[in-house]
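Visitor: This is the structure, below, for whatever I ask next.
The values are calculated or read from the model by the stated rules, or taken from the named source; none is laboratory data. From a predicted model like this one, the values you see are computed outputs, not experimental measurements. Glycine also receives a Cβ, built like all others from the backbone with ideal geometry; neighbour counts cover every protein chain displayed.
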Amino acid sequence: AQSVTQLDSQVPVFEEAPVELRCNYSSSVSVYLFWYVQYPNQGLQLLLKYLSGSTLVKGINGFEAEFNKSQTSFHLRKPSVHISDTAEYFCAVRHFGNEKLTFGTGTRLTIIP
Amino acid sequence: ETGVTQTPRHLVMGMTNKKSLKCEQHLGHNAMYWYKQSAKKPLELMFVYNFKEQTENNSVPSRFSPECPNSSHLFLHLHTLQPEDSALYLCASSQDLKVVNTEAFFGQGTRLTVV
């Protein structure tokens, strides 16, 4: 069974500081990985995705993530956060040959002015 | 206009009411989903449709009844709900269930409050 773990339920960060949101997945086969962002009272919006190729993936709003197969991780990073980045961030995984998209429990990112 | 549109955005209903949530996608996708998002709980997949056929029902109570008349529209019919059913209901679509290297696109959700 596929699963996703987001260890940090809340991450407070000062404005203009860097941030890393952690995501680990369990799988014995090839995976496709996604990060979504949810702003207050909104649906989920895709930030970036890893399908194949380069392990460093760049997304919207200055975010990037690195796929690490040996550590089964797909951590999300941004070098300098803004107030507008305040939102909930969800990691998701889909295994090759599996139709289901499995989400983590989410990490709430709070930016401190 | 977003690719996936949900109406209404907010709904308050009594436990004896019958209401429906509507989802429409303009992306030419063939797979559609209903998710439930409750406070402090993981996103729960409720139903999945592919080419109008239901492919998954995650043990959802019968007071939730989905309907998919075509690949562009998805409904969730609600009746005799409980207060614990209050949540954000999200609709999503994707190209096709068999095309796994694509993402799902989400609507903005319907905030449901059962009183």
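Visitor: For segment B:1-12, give me the residue count where each residue is at pLDDT below 95 and of a type outside the set (Ser, Thr, Tyr). Even if it seems obvious, please write down each step before you answer.
Guide: Going residue by residue through segment B:1-12, those that are at pLDDT below 95 are B:1-3.
Now drop any that are not of a type outside the set (Ser, Thr, Tyr), which leaves B:1, B:3.
Looking only at that region, the number is 2.
Visitor: Step by step: first the residues of segment A:87-112, then only those that are assigned to a strand (DSSP E or B) and among the basic types (Lys, Arg), then the one that is nearest to the other protein chains (Cβ to nearest Cβ). Which residue is that? Even if it seems obvious, please write down each step before you answer.
Guide: Initially, segment A:87-112 is screened for residues assigned to a strand (DSSP E or B), giving A:87-95, A:102-103, A:107-112.
This time we only want the ones that are among the basic types (Lys, Arg), so: A:94, A:108.
Details: A:Arg94: 5, A:Arg108: 10 Å.
Among those residues, the one meeting the criterion is A:Arg94.
Visitor: Just the residues that are surrounded by fewer than 18 Cβ atoms within 10 Å (Cβ to Cβ) and part of a loop (DSSP other than H, G, I, E, B), please, taken from segment B:73-85.
Guide: At the first step, the residues of segment B:73-85 found to be surrounded by fewer than 18 Cβ atoms within 10 Å (Cβ to Cβ) are B:73, B:75, B:77, B:79-80, B:82-84.
The answer is B:Thr80, B:Gln82.
Visitor: Mind checking which strands (runs of 3 or more DSSP E) fall wholly inside segment A:1-64 and carry at least 1 residues that are more than 17 Å from A:Tyr89 (Cα to Cα), polar (S, T, N, Q) and away from every other protein chain (no Cβ under 11 Å)?
Guide: Working: elements: A:3-5, A:10-14, A:19-21, A:24-26, A:31-38, A:44-50, A:56-58.
Counting at least 1 such residues, we get A:24-26.
Visitor: Select from segment B:86-111 the residues that are touching a strand residue (DSSP E or B) at 6+ places or on another chain (Cβ under 7 Å) and charged (D, E, K, R) and write down the one among them that is surrounded by the fewest Cβ atoms within 10 Å (Cβ to Cβ).
Guide: Of everything passing the filter in segment B:86-111, B:Asp96 is surrounded by the fewest Cβ atoms within 10 Å (Cβ to Cβ).
Visitor: Please state which one of A:Ser70, A:Ser84 is part of a helix (DSSP H, G or I) and either acidic (Asp, Glu) or farther than 22 Å from B:Pro42 by Cβ (or both).
Guide: Criteria check complete, one pass: A:Ser84.
Visitor: Output yes when any residue across segment B:54-61 is at negative phi, exposed (fewer than 15 other Cβ atoms within 10 Å of the Cβ), touching a Lys or Arg at 6+ places or on another chain (Cβ under 7 Å) and in contact (Cβ under 8 Å) with a residue 24 or more places away in the chain, and no when none is.
Guide: Pass one, segment B:54-61, residues at negative phi: B:54-58, B:60-61.
Now drop any that are not exposed (fewer than 15 other Cβ atoms within 10 Å of the Cβ), which leaves B:54-55, B:57-58, B:61.
Retained after the next criterion (residues that are touching a Lys or Arg at 6+ places or on another chain (Cβ under 7 Å)): none.
No, segment B:54-61 contains no residue that is at negative phi, exposed (fewer than 15 other Cβ atoms within 10 Å of the Cβ), touching a Lys or Arg at 6+ places or on another chain (Cβ under 7 Å) and in contact (Cβ under 8 Å) with a residue 24 or more places away in the chain.
Visitor: Something else about it: Within segment A:73-106, count every residue that is surrounded by fewer than 16 Cβ atoms within 10 Å (Cβ to Cβ) and touching a Phe, Trp or Tyr at 6+ places or on another chain (Cβ under 6 Å).
Guide: Matching residues across segment A:73-106 total 0.
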